[in-house]
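Colleague: Sharing a structure below in structure tokens format, with a few things to ask.
The values are calculated or read from the model by the stated rules, or taken from the named source; none is laboratory data. Keep in mind that what you see is a predicted model, and the values were worked out from it rather than measured. Neighbour counts are summed over all protein chains in view; Cβ atoms, including those assigned to glycine, are modelled from backbone coordinates with ideal geometry. Remember, those area values only see protein heavy atoms, side chains included, never the ligands or the DNA or RNA. Shrake-Rupley method; radii C 1.70, N 1.55, O 1.52, S 1.80 Å.
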Amino acid sequence: MEKCAALLISEPAENRGRWREALPGYDRLYVELGCGKGRFTAGTAEAIPDALLLAIEKVPDAMIVAMERVRGLGLPNVRFLDFDAARLPEIFDRGELDRIYINFCDPWPKSRDAKLRLTAPGFLRLYGDALRDGGEIHFKTDNTPLFDWSIGVFESEGWALSEVTHDLHAYGTVGVMTDYEAKFTAEGLAINRLVARRTAATRGTDAPPLPRLRGASLVDARGYAQSRADHG
């Protein structure tokens with residue numbers, strides 16, 4: 001951690017509304033929620049050198065691996081934040097972000113926990129505040145029930161969807177993979193992906209009360225896929 005200290009933003013709230021001023025030289029400001037061990041982080045930063053990528057991760061051991069990965073590649077356009085996505089308004093002003101990446105988040109399969117999913121209405125409204133008009137969320141998951149559920153939530157919250165697929169790598173590798181993604185793809189598991197764009201209709205935290213999430217339980221992706229195969 002000491003060797004990678006320069007990559008860690010220990011007091012991110014101090015940069016709220018002034019990230020581009022604090023870290024100048026980049027055209028776009030991207031955020032990755034849950035960077036894990038940083039394969040996607042490093043690959044994306046390398047592929048888009050004119051974007052500043054802020055990688056958020058709550059698991060210290062994983063973040064250290066990610067930081068070492070980025071440091072080893074000498075990538076200047078990545079910073080890491082030990083932070084909780086539920087507190088985004090504390091560190092980002094309205095319209096400050098250009099893009100948010102959500103990769104293979106916890107599906108929280110029980111209906112009672114649905115509000116904890118990173119694609120639940122409460123979180124989408126935080127993203128709606130933080131993203132500029134036309135800003136995007138890039139969402140990938142191996143969990144098909146979570147993906148299908150999320151499509152409905154995105155649409156009901158006023159996001160415009162594109163690039164929706166249930167088998168991203170059907171004809172070969174597309175884009176930068178995460179560690180989980182590479183593992184799942186090698187196992188023959190299909191990857192779901194979509195892009196959600198913020199529009200004038202996208203709801204923010206000043207919208208009417210959040211909808212009550214009922215009947216929102218999920219089935220694990222592998223069990224779901226097997227069930228579909230068993231029933232033709």
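Colleague: Find the residue count for the range 62-90, including only residues that are out of contact with any Lys or Arg (no Cβ under 8 Å at 6 or more places or on another chain), in a helix (DSSP H, G or I) and open to solvent by less than 20 Å² (accessible area, probe 1.4 Å).
Modeller: 5
Colleague: Out of contact with any Gly (no Cβ under 9 Å at 6 or more places or on another chain), open to solvent by 20 Å² or more (accessible area, probe 1.4 Å) and touching a residue at least 60 places away in the same chain (Cβ under 8 Å), is that true of residue 49?
Modeller: So residue 49 fails the test.
Colleague: Quick check on my filter: what residues within the range 148-188 are within 16 Å of the chain's Cα centre (by Cα), among the small types (Gly, Ala, Ser) and over 22 Å from residue 47 (Cβ atoms)?
Modeller: 150
Colleague: Would you call residue 16 at pLDDT 95 or above, surrounded by fewer than 21 Cβ atoms within 10 Å (Cβ to Cβ), within 19 Å of the chain's Cα centre (by Cα) and under 25 Å from residue 124 (Cβ atoms)?
Modeller: no
Colleague: I would also like to ask the following. Could we say that residue 113 is free of Cβ contacts under 8 Å to residues at least 24 places away in the same chain and surrounded by 15 or more Cβ atoms within 10 Å (Cβ to Cβ) here?
Modeller: Criteria met by residue 113.
Colleague: Are any residues in the range 1-13 among the small types (Gly, Ala, Ser) and modelled with pLDDT under 95, and if so, which ones?
Modeller: Result: 5, 6, 10.
Colleague: From the list 136, 155, 181, which residue is at pLDDT 95 or above, among the charged types (D, E, K, R) and more than 22 Å from residue 30 (Cβ to Cβ)?
Modeller: 155
Colleague: Here is a check on your reading of the model: is residue 29 out of contact with any Gly (no Cβ under 8 Å at 6 or more places or on another chain) and assigned to a strand (DSSP E or B)?
Modeller: Yes, satisfied.
Colleague: Then there is this: Which residues, counting only those in the range 117-131, are touching a strand residue (DSSP E or B) at 6+ places or on another chain (Cβ under 6 Å) and open to solvent by 10 Å² or more (accessible area, probe 1.4 Å)?
Modeller: Matches in the range 117-131: 118 only.
Colleague: Restricting the range 185-200 to residues that are in a loop (DSSP other than H, G, I, E, B) and either open to solvent by less than 50 Å² (accessible area, probe 1.4 Å) or out of contact with any strand residue (DSSP E or B) (no Cβ under 8 Å at 6 or more places or on another chain) (or both), which is farthest from residue 158 (Cα to Cα)?
Modeller: Filtering first and then ranking leaves 187.
Colleague: While we're on this one: Select from the range 36-46 the residues that are open to solvent by 10 Å² or more (accessible area, probe 1.4 Å) and in contact with a helix residue (DSSP H, G or I) (Cβ under 9 Å, 6 or more places away or on another chain) and list them in ascending order.
Modeller: Within the range 36-46, 36, 37, 39, 40, 46 qualify.
Colleague: Criterion first (in a helix (DSSP H, G or I) and open to solvent by 80 Å² or more (accessible area, probe 1.4 Å)) does residue 21 satisfy it?
Modeller: Criteria met by residue 21.
Colleague: Also: Can you tell me which residue within the range 169-184, out of those that are part of a helix (DSSP H, G or I) and either polar (S, T, N, Q) or in contact with a strand residue (DSSP E or B) (Cβ under 8 Å, 6 or more places away or on another chain) (or both), is surrounded by the most Cβ atoms within 10 Å (Cβ to Cβ)?
Modeller: 181
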